[in-house]
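Bear in mind that the values in this text are calculations on the coordinates, not laboratory data. Model, not experiment: these values are computed from the prediction. Backbone-built Cβ (ideal geometry, glycine too); neighbour counts: all protein chains shown.
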Amino acid sequence: MSDTMKIDARWYLTEDQSRVVPEAHPEARWLHWIPGDVVSLEEAERLGAVKAEAEAPAAPPRRKPGRPPATKARVPAENKGRSGFRSANVEG
C-alpha cells in the first residue's frame with residue numbers, strides 16, 4: 001500500500017489550522033491543497049481529510065436468514081375474514 005495520496009479537490013485549513021475542510025465549508029480559511037498535490041497519508045489522516053484505517057467504519061452486520069422483515073407484505077390466510085362468520089340463514 002502506498003504511503004501517499006493524490007488530492008482531487010481543493011482543501012482549506014480552518015482558522016486554528018488543526019484540520020482541513022472542503023472548499024465550500026464555512027470554516028475554510030486558507031488554501032492548503034489543490035488538485036494534483038501528492039500528500040502523505042499520515043498528514044491527510046492527521047488533518048482529517050481521510051479516516052485512519054483503524055477508524056474506518058465496519059460493514060453493517062448481515063441479516064440472518066429466517067423471519068422476513070416486518071415491513072414485508074404477507075399473504076393473508078385462506079380463511080381471512082371468514083372465521084366465526086355465520087349467516088343469518090344458518091340454523092344451529
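Yes/no matrix, rows are residues, columns are (1) exposed (fewer than 11 other Cβ atoms within 10 Å of the Cβ); (2) outside any loop (DSSP other than H, G, I, E, B):
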site: Met5; (1), (2): no, yes
site: Ser18; (1), (2): yes, no
site: Val21; (1), (2): no, yes
site: His25; (1), (2): no, no
site: Leu31; (1), (2): no, yes
site: Glu42; (1), (2): no, yes
site: Gly48; (1), (2): no, no
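Among the residues of the range 1-50, which ones are among the polar types (S, T, N, Q) and on the phi < 0 side of the Ramachandran plot?
Answer for the range 1-50, where residues must be among the polar types (S, T, N, Q) and on the phi < 0 side of the Ramachandran plot: Ser2, Thr4, Thr14, Ser18, Ser40.
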